[in-house]
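The values are calculated or read from the model by the stated rules, or taken from the named source; none is laboratory data. Here the structure is a predicted model, which means the values were calculated and not measured. Because the Cβ atoms are built from the backbone with ideal geometry, glycine has one as well, and the counts that use them run over all protein chains shown.
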Amino acid sequence: MPKLLHPGIEEATIPELQSVIKIGKITSRKLVQVYLRRISRIDRAGPRLNSIAETNPDALEIATRLDDERMEKGPRGPLHGIPVVLKDSIATTDRMETTAGSLALLGSRPRGEAFVVRRLREAGAIILGKANLSEWANFRSSNSSSGWSARGGQVRNPYVLDRTPCGSSSGSAVAVAANLTSVAVGTETDGSIVCPSSINGVVGIKPTLGLVSRAGVIPVAHSQDTVGPIARTVTDAAILLGAMVGVDEDDAATKSSVGRTQRDYSKFLDRDGLGRARIGIPREGYFGYSDKADAIAEAAIERMRKLGARIIDPANIPTAKQMTSSEDEMTVLLHEFKDDLNRYLSDLKSSKVRSLKEVIIFNEKHKRKEMKFFGQDLFLKAQKTTNLKDRKYLKALKKDRLLSRQKGIDFVMDKHRLDALVTPTTSPAWAIDLVDGDHGLGGSSQPTALAGYPAITVPAGFVLGLPIGITFMGRAYSEPTLIRLAYAFEQATRHRMKPRYRRTVAS
């Protein structure tokens, strides 16, 4: 590692990094070198986390230019010269790939960069690399292993290496947890930001649908897909979120965000933010699947009470059972996946595959590499769907929104006049199983996924060395409130700890 004058640089927040850059103790170029060496020693060798699919060959040159610009003109803002890792489903037009972890998309080229990438570059961020992920955002097989892709292999949890990293944004969360980058960008359809963030002991924000553009992001389903920040602290997550938001003509959903976005979410950071807040606890459906997760959540709830929050317990979402037992979400995802993916692939500047059907054929031809652990049953089901005018699809979409919004989150929050709902995010990390796939016990991501509402997960404790997070969720565009509450909890508890790279829980 390069010798640094500032101690604790690995765990430094974005404001702390900016302060040491400002006084000349480090440059953005040296910071990039720190991360590149850590990636080489920890991700590619050592524990071998497999969280980074590739590093940006131009990162050092970009950092040098930004260092020069800082000297000549001053910083553009809080992200100037800060390294960011992107999930490998977010398009760039540089020398890096955009593959969703699939061999079928190696060598493909998008016509332009994703909106969020343009925003980050404008803010002065350095795109350090692309993160490995669950292939096709974990929507290829119902028996997949979170964090596995044919391109990058199996992402591993840095706290206990034989445990799952969870969710399709697994590489993004692991890279942040292991201090391989300052911050990262992930995507979520249902749990793919909050689950890996919880299980890897970091902060993840799943924004309101429409707050951040999805244009240029390999899709799963437009009615649920979001793009959001993953960071070690709420402060850094808030800073990154502010740089990504904005109305984009290529994503119609962002039109609803006019007048409802903030370019600076850090102004909502308030150590006393839980004082007099009304917090609801939706127990039915979101507690009870893991005694260990429940215990962590109960301690967190009690701590919030002592910090001045008014706890309304229970404040159940009345439609919780209907949502979890219904097939409507899968109906929507299958229909939208086929339509959305076909649109994305057909618009690429160059690609070996131009449709879901061609991806299915590619996987069959290359099944020794692509399907050696699990198949593509979800692809096959999606391919059999008709179109987005199908009555079955439209009925399912309408029901999802009704149950999750008017009769779900909005109902319980109106009834109890709540600022947020709080749940365990998910269970402790389960063992990686490439034979039978994931076997998580439960989670709380579905209500906000179906509603398109925001959620933020924050570290809340550990069980046998495995991180556990709690989720703050709320109404559409309530990110300022959720950030305020999450920050107050984080600052009062400080549960974030660096990973130890243990081989097993017993080690």
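If only one of Leu388, Leu402, Leu421 is out of contact with any Gly (no Cβ under 9 Å at 6 or more places or on another chain) and either among the aromatic types (Phe, Trp, Tyr) or closer than 25 Å to Ser192 by Cβ (or both), which one is it?
Leu388
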Among the candidates Asp67, Asp88, single out the residue that is within 28 Å of Glu364 (Cβ to Cβ), in contact with a Gly (Cβ under 7 Å, 6 or more places away or on another chain) and at pLDDT 95 or above.
Asp88
Is at least one residue of segment 238-248 out of contact with any Phe, Trp or Tyr (no Cβ under 7 Å at 6 or more places or on another chain), at pLDDT 95 or above, closer than 17 Å to Tyr477 by Cα and small (Gly, Ala, Ser)?
yes
Residue match in segment 459-480 (condition: out of contact with any strand residue (DSSP E or B) (no Cβ under 6 Å at 6 or more places or on another chain), part of a helix (DSSP H, G or I) and either without any contact (Cβ under 8 Å) to a residue 12 or more places away in the chain or of a type outside the set (Phe, Trp, Tyr) (or both))
yes
Might you let me know whether segment 329-340 holds any residue that is surrounded by fewer than 17 Cβ atoms within 10 Å (Cβ to Cβ) and assigned to a loop (DSSP other than H, G, I, E, B)?
no
What pairs come up if the first residue lies in segment 126-143 and is closer than 15 Å to Thr189 by Cβ, the second is in a strand (DSSP E or B) and among the small types (Gly, Ala, Ser), and their beta carbons are under 7 Å apart, counting only those six or more places apart or on different chains?
Leu133/Ser149; Ser134/Ser149; Glu135/Ser149
When every residue in segment 133-172 that is under 15 Å from Ile90 (Cβ atoms) and of a type in the set (A, V, I, L, M) is compared, the one surrounded by the fewest Cβ atoms within 10 Å (Cβ to Cβ) is Ala137
Criterion violated by Pro282 - all others in (1) within 30 Å of Glu135 (Cβ to Cβ); (2) crowded, with 24+ Cβ neighbours inside 10 Å satisfied:
(1)
List every residue pair whose Cβ atoms lie under 7 Å apart, where the two residues are 6 or more positions apart in sequence or sit on different chains, the first residue falls within segment 78-98 and is in contact (Cβ under 8 Å) with a residue 12 or more places away in the chain, and the second residue, located anywhere, is basic (Lys, Arg) and surrounded by fewer than 24 Cβ atoms within 10 Å (Cβ to Cβ).
His80/Arg70; Gly81/Arg70
Unmet criterion (only one of (1) part of a loop (DSSP other than H, G, I, E, B); (2) out of contact with any Gly (no Cβ under 7 Å at 6 or more places or on another chain)) for Arg303
(1)
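Quick check on segment 341-394: of everything there that is in a loop (DSSP other than H, G, I, E, B) and among the charged types (D, E, K, R), which residue is farthest from Arg109 (Cα to Cα)?
So, considering only residues that are in a loop (DSSP other than H, G, I, E, B) and among the charged types (D, E, K, R), the one farthest from Arg109 (Cα to Cα) is Asp390.
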Could you check, for segment 397-418, whether at least one of its residues is free of Cβ contacts under 8 Å to residues at least 24 places away in the same chain and more than 30 Å from Ile311 (Cβ to Cβ)?
yes
Checking the structure you have, find out if any residue of segment 418-428 is assigned to a loop (DSSP other than H, G, I, E, B), on the phi < 0 side of the Ramachandran plot and either in contact with a Phe, Trp or Tyr (Cβ under 7 Å, 6 or more places away or on another chain) or surrounded by fewer than 19 Cβ atoms within 10 Å (Cβ to Cβ) (or both).
yes
Residues of segment 395-441 being among the aliphatic types (A, V, I, L, M) and more than 30 Å from Arg140 (Cβ to Cβ), in sequence order, are Val412, Met413, Leu418, Ala420, Leu421, Val422
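Yes or no: segment 18-31 includes at least one residue that is at positive phi and out of contact with any Lys or Arg (no Cβ under 8 Å at 6 or more places or on another chain). Walk me through how you get there before you give the answer.
First, the residues of segment 18-31 that are at positive phi: 24.
The next check asks that each one be out of contact with any Lys or Arg (no Cβ under 8 Å at 6 or more places or on another chain); those that pass are 24.
Taking every residue of segment 18-31 in turn, at least one turns out to be at positive phi and out of contact with any Lys or Arg (no Cβ under 8 Å at 6 or more places or on another chain).
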Going through Gly246, Gly228, Gly285, Gly308 one at a time, which residue ends up being in contact with a Gly (Cβ under 8 Å, 6 or more places away or on another chain), in contact (Cβ under 8 Å) with a residue 12 or more places away in the chain and at positive phi?
Gly308
Would you please name the residue that is farthest from the chain's Cα centre (by Cα), looking only at residues in segment 168-209 that are under 18 Å from Gln446 (Cβ atoms) and either at pLDDT below 95 or of a type in the set (Ser, Thr, Tyr) (or both)?
Thr208
Could you please find all residues in segment 251-277 being out of contact with any helix residue (DSSP H, G or I) (no Cβ under 7 Å at 6 or more places or on another chain) and in a loop (DSSP other than H, G, I, E, B)?
Val258, Gly259, Arg260, Thr261, Gly275, Arg276
Among (1) closer than 25 Å to Lys321 by Cβ; (2) basic (Lys, Arg); (3) surrounded by fewer than 24 Cβ atoms within 10 Å (Cβ to Cβ) - the single one Lys206 does not satisfy
(3)
From the list Ala53, Ala59, Ala45, which one is over 22 Å from Ile239 (Cβ atoms) and in contact with a strand residue (DSSP E or B) (Cβ under 7 Å, 6 or more places away or on another chain)?
Ala53
Considering only residues that are buried (at least 21 other Cβ atoms within 10 Å of the Cβ) and either part of a strand (DSSP E or B) or hydroxyl-bearing (Ser, Thr, Tyr) (or both), which ones fall in segment 93-107?
Thr98, Thr99, Ser102
Checking the conditions here, which among Gly442, Gly437 is touching a helix residue (DSSP H, G or I) at 6+ places or on another chain (Cβ under 9 Å), of a type outside the set (Val, Ile, Thr) and surrounded by 15 or more Cβ atoms within 10 Å (Cβ to Cβ)?
Gly442
